[in-house]
Amino acid sequence: MEISLKEDSFDKLSMILSSTDMYLPWFKSKEDVNELVRTIFNEKEAQVLVTLPIRRIPMDLVTLDEIAPNVDLPKEEVHQILEKLASKALLYSGNTKNGQKGYSLLRRGYGFKQVFYWKGEKTPEAIKVAEITKRSYGGNLFQAPPPSENAKNAVKGYRYLPINKSVDIVKQSVYPYEMMEEVIAKTKKIALAHCPCRMRFEITEGQSCGHPLEVCMKFDELAEFLIKSGLGREINKAEALDVIRKSDEAGLVHFVENSKDGIKHNCNCCGCACWNVGPIRKRMIPRDMMMATYFIRETDTDRCDACSTCVNICPVEAVQIDGDCSSVDKEWCIGCGVCAPRCPNEAITIVRRTDVGTPPEDFETLHTQMMEGGFKQY
């Protein structure tokens with residue numbers, strides 16, 4: 001059967017967005033991804049987007065001169081389409097190192113599908129995207145990815161940071177890159193947006209999960225994109241530290257890129273709605289197959305009186321009362337430290353795991369290692 005240009009472009013774009021690197025492999029069917037793509041883009045937009053090379057590093061830009069020769073449309077029309085998509089925040093844009101205007105597809109954690117939720121508005125587009133996503137997940141809020149033999153040892157894109165009050169910095173030798181305060185101190189620009197996971201939860205479930213919404217922070221280049229697009233508002237470092245404090249108080253889990261330097265965003269996640277904590281909490285996929293977790297909880301059994309405070313607050317429900325003491329399941333504990341400052345007897349310590357290494361040095365190294373580890377590139 002002959003495939004039309006329109007069908008071919010949409011099909012190719014769906015394939016790109018469904019690749020592992022683009023992070024839509026959890027959709028159960030190709031048709032759902034196709035519907036999502038058709039909801040967001042028109043025929044000519046899809047025709048242009050399929051020609052954009054997927055670079056190893058997110059937000060790595062390609063110029064009009066690199067894109068236009070690959071599109072069967074006049075160069076000026078290609079330029080107009082790119083600019084229109086960029087103005088709608090459906091395409092990342094900025095200046096290359098030599099000062100030329102460049103573009104990049106929105107990618108895993110860097111806009112697709114977060115652009116529909118970051119602003120905190122329940123627009124028709126946001127509702128449609130949320131509905132398609134939930135339907136593709138079989139009516140569930142989460143859908144676990146297919147198991148992979150290499151998933152446990154593969155380089156993870158993201159990691160959890162323990163809240164500072166939970167770690168004895170002197171005894172545990174916590175490095176600066178393991179502290180949210182130091183992550184914030186290194187940033188040049190910060191944007192504050194709404195949590196896309198909790199926005200999707202509110203749309204699909206018709207209610208709030210009860211956790212704060214405006215706690216999603218983006219840094220540097222990604223912050224520039226959100227601010228320029230009106231998807232987030234610029235805040236200073238003092239305000240960013242206040243976001244972290246409020247997130248700590250709400251029992252949220254700090255989440256950043258799995259690199260020591262060049263971190264582009266911080267999410268503050270819950271087990272109710274968030275794509276990473278939720279599946280771990282529901283035991284849909286083992287912790288170490290999904291996230292980089294460098295810390296673990298220890299309990300001083302002499303101090304613990306089985307009060308259940310930590311049982312009730314654990315985001316992944318990894319704690320239970322075992323006789324006259326609390327007991328943590330170390331296969332599922334994410335070392336977030338949410339429980340430690342709430343313990344009335346100071347019986348909880350968050351310690352570094354001895355069976356894992358350290359994060360890649362920087363943002364570029366992280367994504368290079370992820371790509372080398374078998375992530376697909378189109």
Worksheet item: Which residues, taken from the range 97-112, are in contact with an Asp or Glu (Cβ under 9 Å, 6 or more places away or on another chain) and either among the polar types (S, T, N, Q) or modelled with pLDDT under 90 (or both)?
Response: Gln100, Ser104, Arg107, Arg108, Gly109
Practice prompt. Only residues that are of a type in the set (D, E, K, R) and either surrounded by 20 or more Cβ atoms within 10 Å (Cβ to Cβ) or part of a loop (DSSP other than H, G, I, E, B) (or both): list them for the range 352-371, please.
Written response: Arg353, Asp355, Glu361, Asp362
Response to the item:
Among the residues of the range 33-90, the number that are more than 22 Å from the chain's Cα centre (by Cα), part of a loop (DSSP other than H, G, I, E, B) and in contact (Cβ under 8 Å) with a residue 40 or more places away in the chain is 3
Worksheet item: Within the range 317-328, is even one residue touching a residue at least 40 places away in the same chain (Cβ under 8 Å), under 25 Å from Asn268 (Cα atoms) and out of contact with any Gly (no Cβ under 9 Å at 6 or more places or on another chain)?
Response: no
Practice prompt. Six or more apart or on different chains, Cβ under 9 Å: which pairs go from a residue in the range 236-250 that's within 14 Å of Met179 (Cβ to Cβ) to one that's in a helix (DSSP H, G or I) and of a type in the set (Val, Ile, Thr)? Could you list them?
Written response: Lys237/Ile184; Ala240/Ile184; Leu241/Ile184; Ile244/Ile184
Worksheet entry | Within the range 269-301, considering residues that are in contact (Cβ under 8 Å) with a residue 60 or more places away in the chain and outside any loop (DSSP other than H, G, I, E, B), the one nearest to the chain's Cα centre (by Cα) | Cys269
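Need a quick list: helices (runs of 4 or more DSSP H) entirely within the range 123-207 having at least 3 residues that are at pLDDT 90 or above.
Result: 124-136, 180-186, 196-205.
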Worksheet item: Does Gly120 fit the bill of being part of a loop (DSSP other than H, G, I, E, B), on the phi > 0 side of the Ramachandran plot and within 20 Å of the chain's Cα centre (by Cα)?
Response: yes
Discussion item. Just to verify a result, which residue in the range 302-351, among those that are in contact with an Asp or Glu (Cβ under 9 Å, 6 or more places away or on another chain) and assigned to a helix (DSSP H, G or I), is surrounded by the most Cβ atoms within 10 Å (Cβ to Cβ)?
Written reply: Ala340
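The values are calculated or read from the model by the stated rules, or taken from the named source; none is laboratory data. Note that the coordinates shown come from a computational prediction; the quantities given were computed from them, not determined experimentally. Cβ coordinates were reconstructed from backbone atoms using ideal geometry, including for glycine residues, and neighbour counts include every protein chain displayed.
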